[in-house]
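Worksheet: one structure, shown below.
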Amino acid sequence: MRGMCCFDLHSHSTASDGTLSPAELLVKARGAGVDVLALTDHDTLDGIAEARVAARQQGVGLIAGVEISVTWKAMTLHVLGLNVDPHNPALLAGLQTLRDTRDERAREIGRKLENRGIPGALEGADRLSQGKILSRTHFAHFLVESGRATSVREVFRHYLVKGKPGYVRGEWAPLEQALGWIRDAGGLPVIAHPARYRLTRTKLRTLLGEFSDCGGVGLEVVSGSHSRDETLHMAAVAREHKLFASCGSDYHGPEKPWVELGGLRRFPDGCIPIWQAEGWPAASAA
Ligand code: AMP
Ligand code: MN
Ligand code: MN
Ligand code: MN
């Protein structure tokens, strides 16, 4: 591929909590000038087959990916698996256990909201998820729809985060296990939006040590949810820990206009892009 190439390696479709179908997402990617897109839905690979077909039609390179929910030291972290084999049995079985956890958590969220005088939230969220992954985003959309709040952000703040009435802690995959599934499926593990976890320097160092020991190779330096300073900081961290740098918008659909597909800042100096890692498909390297 050409020297200048636009990569967006983190995005969501209706297979999880995005609002565009995989096919619509690929049309959007082409329009936005994205050359290589990774579809990375939460805990599922269900969108990949449709995305493949659409990517061919649009002339966009597709990286099959997934964003895995991980519990590490009682916190939830997100680990991307880039360029995974979407038919790998170990990965598919692992993701199924996370979806079971999600369904269990959703029932609990529904019960808690019901006890606080908000009936029908589980059914509402389930309807909005259209039988796909059930995420807090679907609860948020339902609560907006039923007039309990004016925006998804507000729902999270008042209902769905720690200490609020609809919060339920999920027990997700241990870090080592999630990385095992990704490696088994031939993928490259990347820590998603690392600045979002608000880790202390020491804790971040511990995390990245364990991550590397388990076969982790990348850090999402450029993210739709990183400020300029956070990007610079994570670039330095990636260099220090000898991790490849990744970039992704974390696009969920047009209703969050401040996050655009492909609209990403450049890597700060000294980053080694993930598409130069061993195991990246040759056809979509820069
Ligand atoms: P879940 O994996 O079901 O716990 O849902 C997590 C998803 O909720 C994230 O991937 C985001 O898309 C969304 N999310 C989390 N926090 C917020 C927030 N404060 N405002 C809006 N969306 C959020
Ligand atoms: Mn999401
Ligand atoms: Mn995430
Ligand atoms: Mn994401």
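The values are calculated or read from the model by the stated rules, or taken from the named source; none is laboratory data. Every value quoted in this text rests on a predicted model; they were computed, and no experiment measured them. Please note: Cβ atoms are built from the backbone with ideal geometry, for glycine as well, and neighbour counts cover all protein chains shown.
Okay, here's what the table says:
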quantity: In the stretch 130-158, the residues that are within 16 Å of ligand 4 (Cβ to nearest atom) and small (Gly, Ala, Ser); calculated: SER135, ALA140
quantity: Answer from ASP35, ASP85, ASP46 - the residue that is away from ligand 4 (no atom under 16 Å from the Cβ), closer than 25 Å to GLY216 by Cβ, at pLDDT 95 or above and in the same structural domain as PRO194 (by TED's automatic domain parsing); calculated: ASP85
quantity: Residue match in the stretch 96-103 (condition: touching a helix residue (DSSP H, G or I) at 6+ places or on another chain (Cβ under 6 Å) and modelled with pLDDT of 95 or more); calculated: no
quantity: Qualifying residue in the stretch 216-224 (condition: closer than 16 Å to LEU77 by Cα, within 16 Å of ligand 2 (Cβ to nearest atom) and either modelled with pLDDT of 95 or more or aliphatic (A, V, I, L, M) (or both)); calculated: yes
quantity: Tally of residues being assigned to a loop (DSSP other than H, G, I, E, B), at pLDDT 85 or above and surrounded by fewer than 17 Cβ atoms within 10 Å (Cβ to Cβ) across the stretch 260-286; calculated: 10
quantity: Subset of the stretch 124-163 [hydrophobic (A, V, I, L, M, F, W, C) and either buried (at least 21 other Cβ atoms within 10 Å of the Cβ) or within 16 Å of ligand 3 (Cβ to nearest atom) (or both)]; calculated: ALA125, ILE133, LEU134, PHE139, ALA140, PHE142, LEU143, VAL152, VAL155, PHE156, LEU160, VAL161
quantity: Residues of the stretch 210-229 satisfying the condition of being part of a loop (DSSP other than H, G, I, E, B) and either without any contact (Cβ under 8 Å) to a residue 40 or more places away in the chain or among the aliphatic types (A, V, I, L, M) (or both); calculated: CYS214, GLY215, VAL217, SER225, HIS226, SER227
quantity: Single unsatisfied condition, ARG148 versus (1) assigned to a helix (DSSP H, G or I); (2) farther than 30 Å from GLY186 by Cα; (3) charged (D, E, K, R); calculated: (1)
quantity: Single unsatisfied condition, GLU171 versus (1) touching a Ser or Thr at 6+ places or on another chain (Cβ under 7 Å); (2) under 28 Å from ASP8 (Cα atoms); calculated: (2)
quantity: Tally of residues being assigned to a loop (DSSP other than H, G, I, E, B) and within 16 Å of ligand 2 (Cβ to nearest atom) across the stretch 116-145; calculated: 5
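This table checks each residue for (1) within 14 Å of ligand 3 (Cβ to nearest atom); (2) surrounded by 20 or more Cβ atoms within 10 Å (Cβ to Cβ).
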position	(1), (2)
GLY33	no, no
ALA38	yes, yes
ALA55	no, yes
VAL66	yes, yes
SER69	yes, yes
HIS87	no, no
